[in-house]
Amino acid sequence: MKKYSYVGISFIILIFGIIFIPRIVNRVKNTSVVKNDRMSANNPLANEKLSYNKINGEPKKVPEFAFLNQDSILITHHDYKGKVYIAEFFFTSCPTICPKMTRNLVYLQDQLKEYPNFGVASFTINPKMDTPTRLKKYAENYKVTNPDWHFLTGEREDLYDLANTGFNIYAAENPNVPGGFEHNGYFALIDQEGYIRSRYDAFGNPMVYYRGTIGVDEKVDKNGEEEQITILLEDIKKLLKKDG
């Protein structure tokens, strides 16, 4: 009986190979496996609900914070309650990515003028230099008009703890890099309840953060990374409309 079973199985495998293998090869040649399967409607992409950034299976909230803004007013996490906002870490004397990040945030500000519940939290990683006065001048230079865009400064240890532990966005002093500080050029998207949100990538994994260093007009950078300001704008609107 075993001999006949093996013959039957071999016959099925042969038929499978004749029918399906040429189709698979053809799809690979045309890259349709990547283009179609990865982007199929079954994958949780931008048209679906946004993910939560989870730690140990629990949605992560932005931790408590309290810093002075550019008007020397104490701003805390409570001031962003009920608002959708972007959090970033930067410094005013940054000669590399920060100007690009700020311009992208100004672009978002201008695109979202009709939404009063949109804000930005820009945390400096160089508090020794970035006083409220300096931060206010920086905001004026970039034509910041959103009343809920706060440039925040305070104790160095608190700011770095918020970046590296609270958001898991790397920030550190480094005298060997331009400007003396290094940091990730990411934007964190926070919903009305203080949870960190993002869309899913093409593979069904949460993006967690959005690239803040590539402008809409650039499309891609020199490393081939695509701009994500366009999709960030879409996702902000989704949360603002309570559709996320």
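The values are calculated or read from the model by the stated rules, or taken from the named source; none is laboratory data. Worth saying up front: this structure is predicted, and the values here are computed from it rather than measured. Methodologically, a virtual Cβ is constructed for each residue, glycine included, from the backbone with ideal geometry; neighbour enumeration extends over all protein chains shown. Each accessible area value is taken on the protein alone, full model and side chains, heavy atoms only, with ligands, DNA and RNA left out. Shrake-Rupley method; radii C 1.70, N 1.55, O 1.52, S 1.80 Å.
Selection within segment 199-222: residues that are of a type in the set (Lys, Arg) and open to solvent by 50 Å² or more (accessible area, probe 1.4 Å). The member of this set that is farthest from residue 183 (Cα to Cα) is 219. In segment 126-139 there is at least one residue that is more than 26 Å from residue 52 (Cα to Cα), polar (S, T, N, Q) and open to solvent by less than 20 Å² (accessible area, probe 1.4 Å). For segment 216-224, the criterion of being within 18 Å of residue 86 (Cα to Cα) and among the charged types (D, E, K, R) is met by none of the residues.
Residue 44 falls short of the stated requirement of being at pLDDT below 95 and open to solvent by 40 Å² or more (accessible area, probe 1.4 Å).
Of the residues making up segment 209-226, not a single one is under 11 Å from residue 53 (Cα atoms), in contact (Cβ under 8 Å) with a residue 12 or more places away in the chain and among the aliphatic types (A, V, I, L, M).
Going residue by residue through segment 59-76, is there one that turns out to be over 18 Å from the mean Cα position of the chain (by Cα), open to solvent by 20 Å² or more (accessible area, probe 1.4 Å) and within 25 Å of residue 217 (Cα to Cα)? The answer is no; no qualifying residue exists. What about residue 179, is it small (Gly, Ala, Ser) and open to solvent by 30 Å² or more (accessible area, probe 1.4 Å)? Criteria met by residue 179. Checked against the criteria, residue 146 does not count as on the phi > 0 side of the Ramachandran plot and surrounded by fewer than 21 Cβ atoms within 10 Å (Cβ to Cβ).
Just one of 163, 188 is touching a His at 6+ places or on another chain (Cβ under 8 Å), outside any loop (DSSP other than H, G, I, E, B) and open to solvent by less than 70 Å² (accessible area, probe 1.4 Å); which is it? That would be 163, the only listed residue that is touching a His at 6+ places or on another chain (Cβ under 8 Å), outside any loop (DSSP other than H, G, I, E, B) and open to solvent by less than 70 Å² (accessible area, probe 1.4 Å). Of everything listed in (1) closer than 22 Å to residue 75 by Cβ; (2) free of Cβ contacts under 8 Å to residues at least 24 places away in the same chain; (3) of a type outside the set (S, T, N, Q), the single unmet condition for residue 139 is (2). Just one of the listed residues (154, 204, 224, 179) is among the small types (Gly, Ala, Ser), over 21 Å from the mean Cα position of the chain (by Cα) and at pLDDT below 95, and it is 179.
Look at (1) part of a helix (DSSP H, G or I); (2) of a type outside the set (Asp, Glu); (3) closer than 13 Å to residue 233 by Cβ; (4) out of contact with any Gly (no Cβ under 6 Å at 6 or more places or on another chain) and you find that residue 86 fails only one, number (1).
Within segment 107-120, being out of contact with any Ser or Thr (no Cβ under 9 Å at 6 or more places or on another chain) and either touching a residue at least 60 places away in the same chain (Cβ under 8 Å) or in a helix (DSSP H, G or I) (or both) holds for 107, 108, 111, 112, 115, 117, 118. Considering each of 193, 225 in turn, give the residue that is more than 30 Å from residue 173 (Cβ to Cβ) and either buried (at least 22 other Cβ atoms within 10 Å of the Cβ) or touching a strand residue (DSSP E or B) at 6+ places or on another chain (Cβ under 8 Å) (or both). Testing whether each residue is more than 30 Å from residue 173 (Cβ to Cβ) and either buried (at least 22 other Cβ atoms within 10 Å of the Cβ) or touching a strand residue (DSSP E or B) at 6+ places or on another chain (Cβ under 8 Å) (or both) leaves just 193. I'm checking my understanding of the structure. Among residues of segment 149-159 that are part of a helix (DSSP H, G or I) and without any contact (Cβ under 8 Å) to a residue 40 or more places away in the chain, which one is surrounded by the fewest Cβ atoms within 10 Å (Cβ to Cβ)? Residue satisfying both the conditions and the ranking: 157.
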